[in-house]
Amino acid sequence: MQHVSYPFLCHGSHSATLVHGASGPITVERFLGDVAALAERLPEAPYVINLCADRYRFTVGFAAALSRRQVTLLPSSEAAAPLDALARRYDGAYFLHDTGFVAAKDLTATAFPTDLAGDGSGPVPSFPADQTAAILFTSGSTGDPVANPRSWGALVLSTRAAARALGLADLKGATLLGTVPHQHSYGIESIVMLALQHGFAFHGSRALLPADILAQLGAMSGPRILITTPVHLRSLVAHDGALPPVHAIVSATAPLALDLARQAEQRFGAPLYEIYGCSEVGQIAARRTVATEAWSCIDDIVLEARGDDVWASGPAAAMAAPLNDIIELRDPQHFMLRGRKQDMINIAGKRSSLSYLNHRLNAIEGVVDGVFVQPDSGGTSRLTAYVVAPGLTSRQILAALRREIDPAFLPRPIYFVDALPRNPLGKIPRHAMEQLSLETIER
């Protein structure tokens, strides 16, 4: 990718709307002016930890850092201790924030300025394809965060390939509404980068409650695209009243139940697509869930069996890497997903995956949320389950599971809880699950 550059955004004119902010539309010209003004104020440093909660300010900070050849670090946790550890791990890193964040005494924090007023009439900046744009980190659901660098070229090529796979590459005048954080690979690729590279607009705020999400969707003009997760989709589909029609729905971060996909398509009147990817490679494949169980690789990604692993590689990949999932290859660009390797369990000589069991648990009518857990100690391999199911009993859940899974995997006991400790991506970090287990047992 040497000697190749890509523009930061691809809107048709400087007067085009890039972001719908709290105070109204924000044009490309204002954005470019804010980027130029912020770039002049950023401290000299090799790394910036961009904590901006507002998606517009985050994107201004991302572009300004690129202009200064600073690498944006995208943390997997907003907790103080992991953030401090990240800043100390990358010497010279500073925090950019818009929420009153206070860094430890030996670390540097810069508040996003409120008085930016630069000249945005100049050309759209382009950046070298091989320039490192960001370092993303794993979510923490499987252990300590691991660094995954992204070049600017890898971000652009992956975004453009995914848009073609989703049928969005030639769409005009669309607005994106995302329910996921932009500090995560899914958020930055499928909301921020998708809008930048295809002339779309996006909402600056991230709505979380169903009523807020639906209100924002209803106020959008032009083709409306919802970028979300199975957890948010479940709450939206369960919402009373009519749902605003959208052009397309995109879901990722966890497997989507077929019944939920069907309900979402029916209620929103739009096709729903899933994206499959990983932190090491980026976006890998897509599928329309109601149409096929098989995944199709996006352009410029191919899969190859190497021993016991399946590797993903290609121009749109951040790097060639083995996948942590159980992949059943049909050919180099089509496959079936059979669960995560670390999810595989063996009880009484029988094998299954926790992801499959979770899928069956959450498909039970009346189960709002649920998860299987395999105890790490206690001298037993018996699975337990934690469920949010206000109207059900353990006997009813076991009866439903008995029709779908082998008796060896039936959970004993089943703990009923008010909510599972999911993060904004819908995942349950290991430490949060351990804390919930401790609190439940103590009760």
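Values quoted throughout were computed directly from the atomic coordinates according to the rules given, and no laboratory measurement underlies them. As the structure is a computational prediction, the values presented were derived from the model and not from experiment. We place every Cβ from the backbone using ideal geometry, glycine too, and count neighbours over all the protein chains shown.
Shape annotation for segment 244-389: C-alpha extents along the principal axes are 48, 47, 23 Å, from largest to smallest.
Spacing of the modelled spin labels on Glu328 and Ala80, each 7 Å from Cα toward Cβ, amounts to 4.9 nm. Specify whether the C-alpha gyration tensor of segment 252-302 places it in the rounded, prolate or oblate class, a ≥ b ≥ c being the square roots of the eigenvalues: rounded for a/c under 1.5, otherwise prolate if a/b is larger than b/c and oblate if not. Taking the square roots of the gyration eigenvalues as a ≥ b ≥ c, segment 252-302 is prolate.
Counting other Cβ atoms within 10 Å as a rough exposure proxy, the listed residues Cys52, Cys10 run Cys10, Cys52 from fewest neighbours to most. The alpha-carbon of Lys350 sits under 13 angstrom from the alpha-carbons of these aspartates and glutamates, leaving out residues fewer than 8 places away in its chain: Asp406.
Ranked by the mean number of other Cβ atoms within 10 Å per residue, highest first, peptides 86-95, 180-189, 107-116, 249-258 order as 180-189, 249-258, 86-95, 107-116. Each stretch of four or more DSSP H residues adds -39500 (n - 2.57); spread over every residue of the chain, this sum gives -8000 deg cm²/dmol at 222 nm. Near Tyr273: Cβ cut-off under 11 Å, other residues only, Lys/Arg at +1 and Asp/Glu at -1. The net charge is 0. The alpha carbon gyration tensor of segment 348-442 gives principal lengths a ≥ b ≥ c with a/c below 1.5, which makes the shape rounded. Annotation: extensible slack from Asp240 through Gln266 equals 7.9 nm (criterion: 0.36 nm per residue apart, minus Cα-Cα distance). As a proxy for reagent exposure, ranking Lys427, Lys105 by other Cβ atoms within 10 Å from fewest up yields Lys105, Lys427. Around the amide H of Phe95, modelled in the peptide plane, lie the amide H atoms of Ile49, Thr108, Ala109, Thr110, all under 5 Å away and 5 or more residues distant in sequence or on another chain. Each residue of segment 219-230 was assigned a 3J(HN,Hα) from its phi angle through the Karplus expression (A = 6.51, B = -1.76, C = 1.60, θ = phi - 60°), giving 8, 7, 10, x, x, 9, 10, 9, 10, 8, 10, x Hz with x at Gly and Pro. Over the chain, what relative contact order in percent results from Cα pairs under 8 Å that are six or more residues apart? With pairs under 8 Å counted, the relative contact order is 12 percent. Three principal axis extents describe the C-alpha atoms of segment 1-96; from largest down they are 42, 38, 24 Å.
Each other residue within a Cβ distance under 9 Å of Tyr356 adds +1 if Lys or Arg and -1 if Asp or Glu, for a net charge of +1. Give me, ordered by chain and number, the residues 5 or more places off Gln131 or on other chains with an amide H under 5 Å from its own placed amide H. For Gln131, the qualifying residues are Trp152, Gly153.
A simple spin-label model places pseudo-atoms 7 Å from Cα toward Cβ; at Arg430 and Arg412 they are separated by 2.8 nm.
Under 1.5 on a/c is rounded, so check that first for segment 10-337, then, if it is not, pick prolate when a/b is larger than b/c and oblate when it is not; a ≥ b ≥ c are the square roots of the alpha carbon gyration tensor eigenvalues. It is oblate, given that a/c is not under 1.5 and a/b is not larger than b/c. Loop-located GluC sites (Glu not before Pro) in segment 32-130 (DSSP state other than H, G, I, E, B) with a sparse environment of at most 16 neighbouring Cβ atoms within 10 Å: Glu44, Glu78.
Note on segment 293-371: Rg/Rh from Cα positions, Kirkwood definition for Rh, rounded to two decimals, is 1.06. Among the trypsin sites (Lys or Arg not before Pro) in segment 169-277, those located in a DSSP loop and surrounded by at most 16 other Cβ atoms within 10 Å of their own Cβ are Lys172.
Residue order for Trp152, Trp311, fewest other beta carbons within 10 angstrom first, comes to Trp311, Trp152.
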